[in-house]
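The values are calculated or read from the model by the stated rules, or taken from the named source; none is laboratory data. Not measured: the values here are computed from a predicted model. Don't worry about glycine lacking a Cβ; one is built from the backbone with ideal geometry, like all the others, and counts go over all protein chains shown. Calculation scope for accessible area: heavy atoms of the full protein, side chains included, ligands and nucleic acids excluded. Shrake-Rupley method; radii C 1.70, N 1.55, O 1.52, S 1.80 Å.
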Amino acid sequence: MENRFNTIAGWALAGGIAALGLSILTGEYFKGHRPEKMGYVVEGVEEEGAGGAAEAEKPIEFYLASADPAKGADVFKKCAACHNADKGGANALGPNLWGALGKPHGHVPGFAYSPALKGVPGTWDWKSMSDWLHNPKKYAPGTKMTFAGLSKPEDRANVIAYLNQQSDSPLPMPAAPAETAAAPAEGAAPADGNATAEAAPVAGNEAAPAPAAAH
């Protein structure tokens, strides 16, 4: 009886070892690997090593030079739940935006601006309006504005161009700033052989001045 029990136990142990070995061999044989090149692209998912750092955003004046007010009117529909830009229009959750460009922050009489926004110095010029539309909470921490912002500079430029037209005295649109000349490689001699340490400034490379406040 004992010998029979030992035989059965031995066969059971041998069967377990064989099953374990088969499992290991099967796993190695069918082990999955990520293909070197994906067979199809899933939208929104980047392949490993693809997609470097995003291109640096240029000054808003660059985008304003080719901005389209009609496209800005379409983008402004995202703002229409809280604002209107009609002459003489009433305030809503946000202030009326007619003639806002060139005016100080918090300029609409009777509207309860947050102290955070009223405390920001300066006027609504090209850059400040772009920064505000990009990220209101960063521009004026503590603002009551809940809008998340417009990430694309082209959208912001189009909206600014549209808002600029909603005025009795639209401001002259700025010219695109000149591209900065590339710096020469370290140790490279100037093309004319003159080893001067400093290069002459590029003409017209100054930032466009901020628009004057409208009266």
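All of (1) more than 22 Å from the chain's Cα centre (by Cα); (2) open to solvent by less than 60 Å² (accessible area, probe 1.4 Å) hold for Ala81 with one exception: (2). Can you pull out the residues in the range 104-131 that are open to solvent by less than 30 Å² (accessible area, probe 1.4 Å) and touching a strand residue (DSSP E or B) at 6+ places or on another chain (Cβ under 9 Å)? Passing the criteria: His105, Trp124.
Kindly provide the set of residues from the range 144-176 that are basic (Lys, Arg) and either open to solvent by less than 60 Å² (accessible area, probe 1.4 Å) or under 13 Å from Pro69 (Cβ atoms) (or both), ordered by number. Matches in the range 144-176: Arg156 only.
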